[in-house]
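Worksheet for the structure shown next.
The values are calculated or read from the model by the stated rules, or taken from the named source; none is laboratory data. In this text the structure is predicted, and so the values were computed from the model without any measurement. Every residue, glycine among them, receives a Cβ derived from its backbone with ideal geometry; neighbour counts consider all protein chains shown. To get the accessible areas, we keep the full protein, side chains included, count just its heavy atoms, and leave off ligands, DNA and RNA. Shrake-Rupley method; radii C 1.70, N 1.55, O 1.52, S 1.80 Å.
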Amino acid sequence: LGSSSRASHFIRQLNFRRMPLWQVKSLLVWLVLKVVSSETLAQRGEHASDRNIRPHQDDYDDEWQKFLDMLGTPAGIAKARNSSRVINQIIKKVNSKAIINEPAPGDVVPSGSDVWSPETRWRRVSESHPDGVVSTLPGRSLRWKDVSYISLPMVCVLCGVAYPAVIVGSLLALTVLVSMCLKVEQQYQKSGDAEAEEPHVSKDALRQDVLQPFIDKLPILPKHKLTPASRRIYTVWATFCCAVPSIMVFGTPLLMTILARPFPQEVLAALTLLTSAFVFSNTLYMSVFACFGLCRMHAQSKVNPSDFAVDSSEKRQRLSAADVRHWVVLPQYKEEVEIVHMCLESVAQSTYAKSSIGIVLAMEEREPNAEGKAKEIIQEFQHKFFDMKVFIHPDKLPNDPAGKASNVAYAFRQLYAEVKDYENVVLTIADADSEFGAGYFESLSCQFAASQSRYRIWQSPVFHMKNYHRQPAPVVVGTMFTSMQELSGLTDPNAVRFPYSTYSLPMTLARDVGGWDVEWIAEDYHMGIKCFLMTLGKTTVEPIMSPVINYVPEKTDDVTKETAWWGTCMARWTQLQRHALGFSDFSYYFMMLPLVFSFSTSSSSRDDEGLRGFWRMLFCGTTLLVRLVNVHVLIGVLSTYGAMEFSLRVLMQVFFGDSRSQDVEVLLGHVGLFPRYLMAVTVLCTLAVAVVFFASYKWLLKPRIEGEHNLPPLLHFTKNVASLAWASPIYFLAMGWAIWRAAVLVLTQRSFEYHVAPKPKQEAGSCSEGRTEAKES
């Protein structure tokens, strides 16, 4: 190119780094066609060893100048559209090494420490764009931003890591591998009988635990039947499962931090997109399905409980709703007598109360005067139900930590030992401060009578609003999101549901799965997961659209007798920490899964049901894991991701230097554009959720709530929206901290102390006054 001084001057002044790819290729086309003549090409064929192409001796300065001027005109741009195709054809004929001896420095993405070097040149988007792409824009012209290249496949992979879908998939693969390694001792393999007689279980033990025969028949591989090597493998696996919550909450952000060194732009894009997409999808989900749930609750409230009926074609073995027997279990510890009265009065409103509903008062021995309190309650309500029983849970039993789970487990065993007919009996586990909606037990009886399967759990929408008028703003935000999330899940026909707070299930189902486990603190979620596992994925949770309301923990000032704002917030914080310990169910699920898989695929399972159960558990269990990830993991890591995103933005602007400062600004602007649109829609969806919550309060729940709200409806709604605006970040940060704490406790402890939050106190007579208002409405 040195034959033309002006051409050399122009070339040296051109900034190829800032030129679009089509202009560079257009210049290359001109050089090959004009500077390299056909005679030179022929000479190139005769002298194959010559690596240098001889340029033409004529001066092409004028033509060179015209070509450069043409590139800036629309006509020049149009002529350059086919430059990519032309240059590819020419390069096939001419040895490209004669034109470009070495690869350009921007052809590869820098890695390692080079990524953060301000002197290192990054590959540009225009350089990395593949040839042959046709634009769908008007004019079909391609104009790419001249910024650093970002790998879309890597962004997708990082989104999978951050979700964390990759970790869940890896855990499932490890679970299957562990289940293949578990072997049963030879003495239990006779005739393929997994139900061989247990030599280590005495008759006295069987008499003490009425559920032991059913526990022995559970579709899991008993740990005591494993070979010594298999026991060691399973012990290591169980220890690893205790670390799974910490891996999810702390390991995932740590992995994203490590990947931010070689892929800073991709990590920033993945974190921004994931957080905004999750918040958007969650609020959109609640705004849509909570609205449908409100309509269903309103429609059921218009139905007279006595009008519930079952179509004869749907009856199971000619069972009528009136033939269904109910036992309502009320576990309690230091509950106010008036609050228990309120719960029992709501049950007594059922048309089946005197004929079919029995009450179990599950008391704690460690509560002072528990027996006297139970006798007082029975004396007042025994004429309203067909039967009432009291079971006092002994204190300091071995391997029996205090809490709701151990109380319910003990009461169920005692009840099962006394009840003779189990087939048509439904258990309802309720908090002692729960107030049932009208028609709950009638609807439950009809659904149980019409059900063709005993693998059912029934759940109603739960609203923590009995003391709603006294709740501080941060507590109201938690009440709103919790209630709307549960209502949305019950309305969505494809949702994965868990029992929550107050739920019902057949006594035979509770018996067949071995009752409640005392060592897992979240007894409701845990029972749902256990039923799913022990029935090989057959158990489902069905909705009853009759809302149940109960109290939020409340602290009363000892002097003024008024609700203490800060004390109530701290009481709710105590309850939130206890609920977060349900994260341990993540460990329980992966602990049990290898035992279930091993049993399902072994000769011990009957016929081919075990194999079907294996595939059902593998696929349906994945959706259950996704729900657990959404409930526990993402809430815990979203705040971490927000901090990581902010830190990464600052580091990129500081370390990339002036040469890439413009790239960073363009990247941040374009990466944040789509999330900004999502967040705008998220705000609208959140307002819609607030509207549904307020409508539920106004149309359905207000007569059942204690006290009165002094503000007009519009100001009341505005106050709720203002609470959402300033208290939502506080609430979700508190949730994140509670989940971090729970992950650490699951890793370091094997049992948890059941912290009882302060109970709301109710004046005598206020219960009856509230019930009178509800009846009048």
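Among the residues of the range 216-236 satisfying the criterion of being at pLDDT below 90 and assigned to a helix (DSSP H, G or I), which is nearest to the chain's Cα centre (by Cα)? Filtering the range 216-236 for residues that are at pLDDT below 90 and assigned to a helix (DSSP H, G or I), the one nearest to the chain's Cα centre (by Cα) comes out as Lys223. So for the range 383-403 (the condition being open to solvent by less than 20 Å² (accessible area, probe 1.4 Å) and over 38 Å from the mean Cα position of the chain (by Cα)), does at least one residue qualify? Within the range 383-403 (the criterion being open to solvent by less than 20 Å² (accessible area, probe 1.4 Å) and over 38 Å from the mean Cα position of the chain (by Cα)), the answer is yes, since at least one residue qualifies. Among all residues of the range 251-266, there is at least one that is more than 16 Å from the chain's Cα centre (by Cα), among the small types (Gly, Ala, Ser) and more than 21 Å from Val115 (Cβ to Cβ).
Scanning the range 276-310 for residues that are β-branched (Val, Ile, Thr), modelled with pLDDT under 90 and open to solvent by 50 Å² or more (accessible area, probe 1.4 Å) yields a single hit, Val303. Before we move on, is Val756 assigned to a helix (DSSP H, G or I) and at pLDDT below 95? It is false that Val756 is assigned to a helix (DSSP H, G or I) and at pLDDT below 95. Just one of the listed residues (Ala362, Ala370, Ala374) is open to solvent by less than 70 Å² (accessible area, probe 1.4 Å), touching a helix residue (DSSP H, G or I) at 6+ places or on another chain (Cβ under 7 Å) and either under 20 Å from Ser434 (Cβ atoms) or β-branched (Val, Ile, Thr) (or both), and it is Ala362.
Just one of (1) crowded, with 20+ Cβ neighbours inside 10 Å; (2) of a type in the set (A, V, I, L, M, F, W, C); (3) without any contact (Cβ under 8 Å) to a residue 24 or more places away in the chain fails for Phe656. It is (3).
Screening Leu397 on (1) more than 24 Å from Ala450 (Cβ to Cβ); (2) at pLDDT 95 or above shows it passes everything except condition (2). Inspection of the range 630-643 finds a residue satisfying the criterion of being surrounded by 18 or more Cβ atoms within 10 Å (Cβ to Cβ) and within 30 Å of Trp122 (Cα to Cα).
Tell me which residues, restricted to the range 254-272, are part of a helix (DSSP H, G or I), out of contact with any strand residue (DSSP E or B) (no Cβ under 9 Å at 6 or more places or on another chain) and buried (at least 20 other Cβ atoms within 10 Å of the Cβ). Of everything in the range 254-272, those that are part of a helix (DSSP H, G or I), out of contact with any strand residue (DSSP E or B) (no Cβ under 9 Å at 6 or more places or on another chain) and buried (at least 20 other Cβ atoms within 10 Å of the Cβ) turn out to be Met256, Pro264, Glu266, Val267, Leu268, Ala269, Ala270, Leu271, Thr272. I'd like the full set of residues that are touching a residue at least 12 places away in the same chain (Cβ under 8 Å), of a type in the set (Val, Ile, Thr) and more than 22 Å from Ala738 (Cβ to Cβ), limited to the range 231-272. Residues satisfying the conditions are Ile233, Thr257, Val267, Thr272.
Considering the range 453-471, and only residues there that are part of a loop (DSSP other than H, G, I, E, B) and out of contact with any helix residue (DSSP H, G or I) (no Cβ under 8 Å at 6 or more places or on another chain), the residue that is most open to solvent (accessible area, probe 1.4 Å) turns out to be Ser453.
Going by what's in this entry, would Ser350 be described as under 16 Å from Ala438 (Cβ atoms), touching a residue at least 60 places away in the same chain (Cβ under 8 Å), not aliphatic (A, V, I, L, M) and not in a helix (DSSP H, G or I)? It is true that Ser350 is under 16 Å from Ala438 (Cβ atoms), touching a residue at least 60 places away in the same chain (Cβ under 8 Å), not aliphatic (A, V, I, L, M) and not in a helix (DSSP H, G or I). With respect to (1) closer than 23 Å to Gln575 by Cα; (2) among the polar types (S, T, N, Q); (3) assigned to a helix (DSSP H, G or I), the lone exception for Ser445 is condition (1). No other residue among Leu678, Leu711, Leu684 is modelled with pLDDT under 90 and either over 30 Å from Arg470 (Cα atoms) or out of contact with any Cys (no Cβ under 6 Å at 6 or more places or on another chain) (or both) apart from Leu711. Residues in the range 375-395 that are more than 16 Å from Glu365 (Cα to Cα) and assigned to a strand (DSSP E or B): 2 in all.
Can you find even one residue in the range 395-404 that is in contact with a helix residue (DSSP H, G or I) (Cβ under 8 Å, 6 or more places away or on another chain) and closer than 21 Å to Ser434 by Cα? Scanning the range 395-404, I find at least one residue that is in contact with a helix residue (DSSP H, G or I) (Cβ under 8 Å, 6 or more places away or on another chain) and closer than 21 Å to Ser434 by Cα, so the answer is yes. Entry remark, the range 136-195: residues being open to solvent by less than 40 Å² (accessible area, probe 1.4 Å), hydroxyl-bearing (Ser, Thr, Tyr), under 30 Å from Asp216 (Cβ atoms) and at pLDDT below 90 number 1 in total. Is it the case that Ala473 is modelled with pLDDT of 90 or more and over 14 Å from Leu330 (Cα atoms)? Judged against the criteria, Ala473 is a match.
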